[in-house]
Amino acid sequence: MPGFVLLVRPRGDDDDALGIGYTVSKKVGNAVTRNRMKRRLRALTRAALPESGIAGADHVLIGRPGGNDIVFAELGEHLASALARAAKKLAK
């Protein structure tokens, strides 16, 4: 995805809770830019993960340069698409 990278890894335990992590490197920009990106990623996951997240797996969102320039609704569509692809790959 152009604004972020989604990594999903099943934990292998019996807990169905969703794990979530965020990381935005200094390559993305200064502290203000990185914090804004993390806030946007948190808002995206609050909306999408409860219904589309993979139970019993850890999800990590890595912010990419230019992610703050993408419209928030478009980022939401990208996240939904990435979660669907991750669920499909893990179902195999």
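What residue, among those in segment 4-30 that are more than 10 Å from the chain's Cα centre (by Cα) and under 17 Å from R64 (Cβ atoms), is surrounded by the most Cβ atoms within 10 Å (Cβ to Cβ)?
Taking segment 4-30 and keeping what is more than 10 Å from the chain's Cα centre (by Cα), we get 9-19, 24-30.
Filter once more, keeping what is under 17 Å from R64 (Cβ atoms): 24-30.
Working: V24: 24, S25: 11, K26: 9, K27: 9, V28: 19, G29: 18, N30: 8.
Step by step, filter segment 4-30, then rank; the result is V24.
I'd like the full set of residues that are aliphatic (A, V, I, L, M), in contact with a helix residue (DSSP H, G or I) (Cβ under 7 Å, 6 or more places away or on another chain), modelled with pLDDT of 95 or more and in a helix (DSSP H, G or I), limited to segment 4-48.
Answer for segment 4-48, where residues must be aliphatic (A, V, I, L, M), in contact with a helix residue (DSSP H, G or I) (Cβ under 7 Å, 6 or more places away or on another chain), modelled with pLDDT of 95 or more and in a helix (DSSP H, G or I): just M37.
Under 9 Å between Cβ atoms, which residue pairs at least 6 apart in sequence (or on different chains) link something in segment 29-41 that is over 10 Å from G63 (Cα atoms) with a partner that is modelled with pLDDT of 95 or more and basic (K, R)?
Pairs that qualify, where the first residue is over 10 Å from G63 (Cα atoms) and the partner is modelled with pLDDT of 95 or more and basic (K, R), are G29/R36.
Report the residue count in segment 49-76 for those that are among the hydrophobic types (A, V, I, L, M, F, W, C), surrounded by fewer than 18 Cβ atoms within 10 Å (Cβ to Cβ) and in a helix (DSSP H, G or I).
The number of residues fulfilling the criteria is 3.
The values are calculated or read from the model by the stated rules, or taken from the named source; none is laboratory data. Bear in mind that the values here come from a model prediction, so they are computed numbers and not experimental data. A quick note on method: Cβ atoms are made from the backbone with ideal geometry, for glycine too, and the neighbour counts reach across all protein chains shown.
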